[in-house]
1. Give me the accessible area per residue for the chain, probe 1.4 Å, as a whole number in Å².
2. Tell me whether segment 119-171 comes out rounded, prolate or oblate; compute the Cα gyration tensor, take square roots of the eigenvalues as a ≥ b ≥ c, and use a/c under 1.5 as the rounded threshold.
3. How long is the gain from Ile464 to Ser332 if the chain were fully straight, where each residue apart is worth 0.36 nm and the alpha carbon distance is subtracted?
4. Could you size up the charge dipole of the chain around its Cα centre, putting +1 on the beta carbon of Lys and Arg and -1 on that of Asp and Glu, and report it in debye to the nearest 20?
5. Relative contact order for segment 124-247: what percent, with Cα pairs under 8 Å and sequence separation of 6 or more?
6. Cross-link list Lys147/Lys296; Lys214/Lys425; Lys74/Lys369; Lys85/Lys306; Lys74/Lys436; Lys227/Lys421: which exceed 30 angstrom alpha carbon to alpha carbon?
7. Any idea how far the Cα center of segment 330-352 sits from the one of segment 188-250, in Å?
8. Go ahead and estimate [θ] at 222 nm for the chain from helices alone: -39,500 (n - 2.57) per DSSP H run with n ≥ 4, summed, over the residue count, rounded to 500.
Amino acid sequence: MRHKVILNALILGTAQLGGKILSLIFLFKFASDIKDIGLYYYTYAYIPFSLFLDLSAFGLIPGVSKYVSCLISKNEFKKVNYLLKVGSYFSLFLGLIFFLLINFFNNSILSISLFEGYTNEQYNIILKNLQLASYSIIIFPLNSFYKGFLQGHLRMLPSAIAILLEHISRLLLYLLLIEDININVISLVFKINFLSYSLSTLALLFFILPIFLKPKERFHALSNLYKMAIPFGIVTMFFTFYQLIDSITLASLGLEGNIYTAYMFETIRLIFIPIVFAQGVGGALNPKINSLCNNKKINEASGIAKKLTNLMIYILIPIIMIYRIFDIEIYSYFYQKDDVYYILADVSIMIFFIGFYKTLIGISQGMTKFNYIVIATFLAIIAKIILNILLVPSYSYMGAIIATINSIFICMVVSYYVLFKGGIKIFGANILALLKSFVIIFISLLLTSIFKIAFLLEYDEQLIGYIYFILMFLAIYFLILLFIRFNSYLYQKQRCCHKIE
């Protein structure tokens, strides 16, 4: 059972990772195409749009996933089927409401987030893009509801297919439909977003339709659902709130357009490649951990949590090192410029804090004291605002990074407390894994450098040299990990044999 849960988590995490890579391929092509026009035309419309997008599906995926798993654990399948019916209608209603909100209040929204010194022409272009982007909000809550519903059944493959289809279709439609590069390309991209969300939703509907025909039992489905969804929505949207705070505080400083775009858009997209993998793993753990805790199988839940959190540490820490060592190479390769590459090295530290906390959220959602994390999220947002006000005027974007790390750290501490009170004691194992990872990274970098110097590995193309170095570093790193794990397994086996004797 444990291996099946881990496999499901890895399926969803890998799909999230694949989707993010496809999204970045699309973004890099798009950014390259419009670099002479100005990426900020897209960025300033996308940031408020993404906030409303997240609000429209506020807590739906984790909330529905947990609620469905709760009903299934009680064998209340008719209620599950009824939840699907009313949830579908309500999700469409939510999408329409948020679509109307963003269009009725678009001038007020842009007045908060828009940079200073814009012309009327620039304002009208960004406003038009925001209006076009809003059509995707109509379909997005339904898409999220269906993902959560299927994940509650521990069916991660449909969500994985939908995620990949969304990003593949967006990239292909862009390549097929874009002919002349001009300011209208940005508007067309938002139209393509709507089509890609629609195709993804249709793919989910294929798996959902058979359940619509099954017997149903009426009950207070929506009120019970949102008792779970609202706390999850608050917690899972923490980074969206942080980005909005950064957008307002950094824009008020009148930062140069290239620095603002690099921090708020370009480097964030790069670091979210590994973060979405952690998010997928955490999301897949939510229904299973919840089910195990409901059935008082704390030891099994603890074993899964310990194994997956350690795995995320071993994956995320070396990725941070790669980002920091090859910051200029990675940034300049994807964005064909190197004037603000240093921002990527500074931002990369957030890979661990955001990614690992998203994994902790997935586990914590099954705990009875999860409301403590909701309170901590509010406190962390207040801390983020205060720290941004204090640090950003002196340290610019670096102050925003420090504020984000400190705010997430508050939430992480409370998450460990909630898990501890629920019987899942993973803090000690995670600290040990963190220390072990740093030691192995040092050894791996040393051995990789010695190997490169000893065999005089030089390449005509610098990119190939970087790739070989990274692959060699990762190979040595994970081989050492496997060696340590194998020795630990042999040691445990010997101890069991001695006890039997």
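The values are calculated or read from the model by the stated rules, or taken from the named source; none is laboratory data. The structure presented is a predicted model; accordingly, all values stated were derived computationally and were not measured. Virtual Cβ from ideal backbone geometry, glycine too; neighbours counted across all protein chains shown. Surface accessibility is based on the protein's heavy atoms, side chains included, excluding ligands, DNA and RNA. Shrake-Rupley method; radii C 1.70, N 1.55, O 1.52, S 1.80 Å.
1. Details: 22750 Å² over 501 residues.
Computed with neighbouring chains in place, this is 45 Å² per residue.
2. prolate
3. Value of the extension gain: 46.0 nm.
4. 3120 debye
5. Across segment 124-247, relative contact order equals 34 percent.
6. Numbers: Lys147/Lys296 26 Å; Lys214/Lys425 41 Å; Lys74/Lys369 21 Å; Lys85/Lys306 37 Å; Lys74/Lys436 41 Å; Lys227/Lys421 22 Å.
Cα-Cα > 30 Å for Lys214/Lys425; Lys85/Lys306; Lys74/Lys436; rest within.
7. Taking the Cα centre of each part, segment 330-352 and segment 188-250 sit 31 Å apart.
8. Result for the chain: -29000 deg cm²/dmol, rounded to the nearest 500.
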